[in-house]
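Heads up, the thing below is written out as structure tokens.
The values are calculated or read from the model by the stated rules, or taken from the named source; none is laboratory data. Please read all numbers here as calculations on a predicted model, not as lab measurements. As a convention, Cβ positions derive from the backbone with ideal geometry for all residues, glycine included, and neighbour counts pool all protein chains shown.
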Amino acid sequence: MERKVEIYGTLGPACSSEETLLQMFQAGLTGMRLNLSHTGLRESADIVNHFRQAAQAAKIYPQLLIDMQGPELRVGDLENGLVLEPDTTVSLTAVGKEYSASFACSVPVPQPVISALKAGDEILLNDGKLLFIAAEVYEDYAVCKVVRGGVLTGHKSVKIVGKQVEMPVLTDHDLKNIRLASEYGVTGLMQPFVRNGQDLAHVRELLMQNGAGQVKIFAKIENRAALAELDSIIKEADVIIIARGDLGNDMDLWELPAVQKDIEAACKSADKPFIVVTQMLASMEENPVPTRAEVSDIFNAVTDGAYGVMITGESAVGKYPVEAVRYLANTANKAAAWMEISKNK
């Protein structure tokens, strides 16, 4: 019997209508991720309702995964975004603090980021698209040089290269959404930046306490700290997510494929389902057809044993959400069929 591969997209403006979501289900979609890092279930009620109605029309019982804030560090509110040019100087300022007018602009970040910084530290923002170097660090702000610039909007990721900044497992914002999980039909919780199995045991306890004990825990492997505790994480998780975005920020990119293979092998050894995510069809945010490399990446993830594959920006903000799901599903299904044929040869 041919193996079923779960096909996940990400909810967002590009696929907010019931009509588009229905077409995505018809193209092979089986579930959706809802990023709650800077919004909530109540605020997302309309798009979740459209998702449910489209699934019902397609006669599919869908999975709805909520991606939490967790211990991930993020930029604060930036109403209009910032255009940051290389070789300019900016301030990283603790959220809620004033910054000196001598700087052209300031990027708000959580206070623990400032507290952990030392002069010379490298800071990655927006999944590594932007790179700063700290020049001077003070109590509430740091003077930084922009090495790799670009456009920065609010709530993007922040990482100090080579440092682990301690944050709570779940935020108050996360707990509010957990209390609404059953009401909104949530089937899975994606826990970011899992550090060890104890993190997940705590999350499961909170789910039980808040009437969401049926919700499965999807543990996102996003840094070296998680790799060091992979066995305990696999034991406590329902599903492992190989989140190659932040994971790739924590190592040289040429190391990432081998690390992905190692996580896959550990999951298969423990009979734990896993999902591969990040840039699977990144070119389709702008183009109607993917690259050959992207299609091969999907195929290889499935033949390596992935229980599911997921796209993010491709469906949330891309120009071709339906086509992206079609390529994702068709490639994954072709991989599953090839595995069945190969097994029977």
Within the range 108-151, residues being over 15 Å from LEU73 (Cα atoms) and of a type in the set (S, T, N, Q) number 0
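Just the residues that are more than 22 Å from the chain's Cα centre (by Cα) and either in a loop (DSSP other than H, G, I, E, B) or surrounded by 18 or more Cβ atoms within 10 Å (Cβ to Cβ) (or both), please, taken from the range 96-114. Steps first, please.
Taking the range 96-114 as the starting set, the residues that turn out to be more than 22 Å from the chain's Cα centre (by Cα) are 96-106, 111, 114.
Listed by number, the residues that qualify are GLY96, LYS97, GLU98, TYR99, SER100, ALA101, SER102, PHE103, ALA104, CYS105, SER106, ILE114.
Here's the yes/no breakdown for (1) at pLDDT 90 or above; (2) surrounded by fewer than 18 Cβ atoms within 10 Å (Cβ to Cβ); (3) outside the structural domain of THR278 (by TED's automatic domain parsing); (4) out of contact with any strand residue (DSSP E or B) (no Cβ under 8 Å at 6 or more places or on another chain):
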| residue | (1), (2), (3), (4) |
| --- | --- |
| ASP87 | yes, yes, yes, no |
| ALA116 | yes, yes, yes, no |
| LEU124 | yes, no, yes, no |
| ALA142 | yes, no, yes, no |
| VAL151 | yes, yes, yes, no |
| LYS156 | no, no, yes, no |
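Considering each residue of the range 124-140, count those that are part of a loop (DSSP other than H, G, I, E, B) and more than 26 Å from the chain's Cα centre (by Cα), and give that number.
Taking the range 124-140 as the starting set, the residues that turn out to be part of a loop (DSSP other than H, G, I, E, B) are 126-129, 138-140.
Those still in the list that are more than 26 Å from the chain's Cα centre (by Cα) too: 138-140.
The total comes to 3.
Based on what the data block shows, is THR93 surrounded by 19 or more Cβ atoms within 10 Å (Cβ to Cβ), in contact with an Asp or Glu (Cβ under 7 Å, 6 or more places away or on another chain) and not aromatic (Phe, Trp, Tyr)? I'd like the intermediate steps shown before the answer.
Values: surrounded by 19 or more Cβ atoms within 10 Å (Cβ to Cβ): yes; in contact with an Asp or Glu (Cβ under 7 Å, 6 or more places away or on another chain): yes; not aromatic (Phe, Trp, Tyr): yes.
It is true that THR93 is surrounded by 19 or more Cβ atoms within 10 Å (Cβ to Cβ), in contact with an Asp or Glu (Cβ under 7 Å, 6 or more places away or on another chain) and not aromatic (Phe, Trp, Tyr).
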Being closer than 30 Å to ALA306 by Cβ, among the hydrophobic types (A, V, I, L, M, F, W, C), in contact (Cβ under 8 Å) with a residue 24 or more places away in the chain and assigned by TED's automatic domain parsing to the domain that holds ALA329 is the requirement here; does ALA45 meet it? no
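Anything in the range 162-173 that is closer than 21 Å to ALA134 by Cβ and either modelled with pLDDT of 90 or more or not β-branched (Val, Ile, Thr) (or both)? List them, or say none. Give the derivation first.
The initial filter retains those residues of the range 162-173 that are closer than 21 Å to ALA134 by Cβ, namely 162-167.
Of everything in the range 162-173, those that are closer than 21 Å to ALA134 by Cβ and either modelled with pLDDT of 90 or more or not β-branched (Val, Ile, Thr) (or both) turn out to be GLY162, LYS163, GLN164, GLU166, MET167.
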